[in-house]
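Engineer: This structure is in structure tokens; I'll ask about it shortly.
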Amino acid sequence: MAPIAVGDVLPDGTLSCFDAEDKLQQVSVHSLAAGKKVVIFGVPGAFTPTCSLKHVPGFIEKAGELKSNGVDEIICISVNDPFVMKAWAKTYPENKDVKFLADGSATYTHALGLELDLGEKGLGTRSRRFALLVEDLKVKAANVESGGEFTVSGADDILKAL
Amino acid sequence: MATNILRRAASSVMRETLLTGMLRRSYASVAVGSDIVSAAPGVSLQKARSWDEGVSSKFSTTSVKDIFKGKKVVIFGLPGAYTGVCSQQHVPSYTKNIEKFKAKGIDSVICVAVNDPFVMNAWAEKLQAKDVIEFYGDFDGSFHKSLELGKDLSAALLGPRSERWSAYVVDGKVKAFNVEGAPSDFKVSGAEVILEQI
């Protein structure tokens with residue numbers, strides 16, 4: 001799959017998470033994004049440093065600003081199971097707006113064309129680091145890192161695209 | 001006449017038990033007396049570690065041979081870090097009995113799961129178990145696959161994982177081996193059971 005790009009339609013897919021009642025739920029991406037302005041950012045792995053210390057906090061900090069600029073949903077996805085995503089989300093008690101969704105089998109990451117083989121780091125198939133701005137399922141901005149850096153996929157870069 | 005009825009009843013019970021056994025789990029290739037190192041040749045595990053530790057250790061792996069050769073090891077496997085029984089019952093059963101294991105001359109008490117080593121590390125810290133027992137990640141499931149202890153838990157949105165099991169291994173030879181009938185059970189794979197078997 002070619003990596004998702006500006007002008008593409010966001011593919012549909014199923015992600016999972018624990019809801020407010022702590023029940024395991026499967027969520028369709030389109031149900032979250034259709035007719036809305038959403039930011040989706042992907043990280044290689046829960047509990048890894050750039051993801052935990054820079055990428056996620058950036059979006060949590062700027063959530064208010066993103067929302068006042070019309071963003072309806074801010075979604076973090078990673079190739080981890082929903083139990084791990086729930087535990088990782090709990091390490092950000094101040095977070096109110098960012099939704100942590102699990103792409104446990106990497107199916108959705110594959111649909112976005114953003115998979116990355118991190119087997120030699122003990123991680124297996126994961127996602128590239130990226131951030132997308134999507135309006136009514138149309139991709140308006142697609143910032144994908146080429147490697148492990150954190151240069152274009154942060155909250156500030158998405159704010160610039162709004 | 002009576003013997004025939006009994007025989008038929010016994011064999012249908014056996015068939016049912018066998019079938020249920022097969023439906024619930026496939027038989028492991030490892031058993032008491034088998035050599036865990038030759039069952040999993042060339043397989044490595046990833047010691048639970050932070051990313052920085054990973055970088056400084058060049059993401060090195062530990063071979064099954066190095067884990068078991070010449071040592072007395074108690075090892076237990078579970079379906080997933082941060083899941084219910086694993087967090088609340090299985091790991092605590094071993095951490096609170098660590099002194100008993102040490103008193104029996106056990107060199108390593110190891111927890112292994114099909115998770116990456118960074119998740120295992122964060123989970124071990126959360127359970128305050130990191131300095132008590134050792135944690136290893138079987139991130140691609142190869143260790144469990146070699147021992148035929150892999151289990152598809154896609155229905156629980158976990159994907160390919162492992163059975164819940166425990167083993168007492170001396171210099172690579174399996175001396176005791178316990179597998180739960182279902183991964184959500186916690187009847188035979190806890191510390192109390194294996195302590196009796198050492």
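Engineer: Among the residues of segment B:38-52, count how many are in a loop (DSSP other than H, G, I, E, B) and either more than 11 Å from every other protein chain (Cβ to nearest Cβ) or touching a Phe, Trp or Tyr at 6+ places or on another chain (Cβ under 6 Å) (or both).
Structural biologist: The number of residues fulfilling the criteria is 5.
Engineer: Taking segment B:127-141, which residues are farther than 16 Å from B:Trp51 by Cα and within 13 Å of chain A (Cβ to nearest Cβ)?
Structural biologist: B:Leu127, B:Asp138, B:Asp140, B:Gly141 - these are the residues of segment B:127-141 that are farther than 16 Å from B:Trp51 by Cα and within 13 Å of chain A (Cβ to nearest Cβ).
Engineer: Among (1) closer than 23 Å to A:Lys121 by Cβ; (2) open to solvent by 40 Å² or more (accessible area, probe 1.4 Å); (3) modelled with pLDDT under 95, there is one condition A:His55 misses while meeting the rest; what is its number?
Structural biologist: Exception for A:His55: condition (2).
Engineer: Going through segment A:15-52 one residue at a time, which ones are facing chain B (nearest Cβ under 10 Å) and within 22 Å of A:Lys160 (Cα to Cα)?
Structural biologist: A:Thr50, A:Cys51 - these are the residues of segment A:15-52 that are facing chain B (nearest Cβ under 10 Å) and within 22 Å of A:Lys160 (Cα to Cα).
Engineer: Residues of segment B:120-129 being of a type outside the set (A, V, I, L, M) and either open to solvent by less than 70 Å² (accessible area, probe 1.4 Å) or touching a His at 6+ places or on another chain (Cβ under 8 Å) (or both), which ones? Reasoning before the result, please.
Structural biologist: Just the residues of segment B:120-129 that are of a type outside the set (A, V, I, L, M), to begin with: B:121, B:123, B:125-126, B:128.
Passing the criteria: B:Asn121, B:Trp123.
Engineer: From the list B:Val169, B:Val132, pick out the single residue that is buried (at least 21 other Cβ atoms within 10 Å of the Cβ), of a type in the set (Val, Ile, Thr) and touching a helix residue (DSSP H, G or I) at 6+ places or on another chain (Cβ under 8 Å).
Structural biologist: Of the residues listed, the single one that is buried (at least 21 other Cβ atoms within 10 Å of the Cβ), of a type in the set (Val, Ile, Thr) and touching a helix residue (DSSP H, G or I) at 6+ places or on another chain (Cβ under 8 Å) is B:Val169.
Engineer: Something else: Give the residue that is surrounded by the most Cβ atoms within 10 Å (Cβ to Cβ), with candidates limited to residues of segment A:118-142 that are within 11 Å of chain B (Cβ to nearest Cβ) and in a strand (DSSP E or B).
Structural biologist: A:Arg126
Engineer: While we're here: For the structure I just gave you, tell me whether B:Val55 is of a type outside the set (Asp, Glu), part of a helix (DSSP H, G or I), open to solvent by 60 Å² or more (accessible area, probe 1.4 Å) and facing another protein chain (nearest Cβ under 10 Å).
Structural biologist: For B:Val55, the condition - of a type outside the set (Asp, Glu), part of a helix (DSSP H, G or I), open to solvent by 60 Å² or more (accessible area, probe 1.4 Å) and facing another protein chain (nearest Cβ under 10 Å) - is met.
Engineer: I'd like the residue in segment B:27-52 that is among the aliphatic types (A, V, I, L, M) and out of contact with any Ser or Thr (no Cβ under 7 Å at 6 or more places or on another chain) and, out of all such residues, is surrounded by the most Cβ atoms within 10 Å (Cβ to Cβ).
Structural biologist: Ranking the qualifying residues of segment B:27-52, first place goes to B:Ala48.
Engineer: Related question: Inside segment B:84-114, can you point out the residues that are open to solvent by 10 Å² or more (accessible area, probe 1.4 Å), within 12 Å of chain A (Cβ to nearest Cβ) and modelled with pLDDT of 95 or more?
Structural biologist: B:Val114
Engineer: Separate question: Determine which single condition B:Asn178 fails, assuming it passes every other condition in (1) open to solvent by less than 50 Å² (accessible area, probe 1.4 Å); (2) within 14 Å of chain A (Cβ to nearest Cβ); (3) not aliphatic (A, V, I, L, M).
Structural biologist: (2)
Engineer: Filter segment B:94-123 down to the residues that are more than 17 Å from B:Ala191 (Cα to Cα) and aliphatic (A, V, I, L, M) and list them by number.
Structural biologist: Once the filter is applied, which keeps residues that are more than 17 Å from B:Ala191 (Cα to Cα) and aliphatic (A, V, I, L, M), segment B:94-123 yields B:Val114, B:Val119, B:Met120, B:Ala122.
Engineer: Please go through segment A:75-89 and pick out each residue that is more than 9 Å from chain B (Cβ to nearest Cβ) and over 21 Å from A:Ala111 (Cβ atoms).
Structural biologist: Residue satisfying the conditions is A:Ala89 alone.
Engineer: Ok, one more. For A:Cys76, all conditions in the list (1) touching a Lys or Arg at 6+ places or on another chain (Cβ under 8 Å); (2) surrounded by fewer than 22 Cβ atoms within 10 Å (Cβ to Cβ); (3) at pLDDT 95 or above hold save one; what is the number of the exception?
Structural biologist: It is condition (2) that A:Cys76 fails.
Engineer: Only one of B:Pro160, B:Pro183, B:Pro117 is surrounded by fewer than 17 Cβ atoms within 10 Å (Cβ to Cβ) and within 14 Å of chain A (Cβ to nearest Cβ); which?
Structural biologist: Working: B:Pro183 fails: surrounded by fewer than 17 Cβ atoms within 10 Å (Cβ to Cβ); B:Pro117 fails: surrounded by fewer than 17 Cβ atoms within 10 Å (Cβ to Cβ).
That would be B:Pro160, the only listed residue that is surrounded by fewer than 17 Cβ atoms within 10 Å (Cβ to Cβ) and within 14 Å of chain A (Cβ to nearest Cβ).
The values are calculated or read from the model by the stated rules, or taken from the named source; none is laboratory data. In this text, all values refer to a predicted model and were calculated from it rather than measured experimentally. FYI the Cβ positions are ideal-geometry reconstructions off the backbone, even for glycines, and counts take in every protein chain you see. Just the protein is used for accessible areas: all its heavy atoms, side chains included, with ligands, DNA and RNA removed. Shrake-Rupley method; radii C 1.70, N 1.55, O 1.52, S 1.80 Å.
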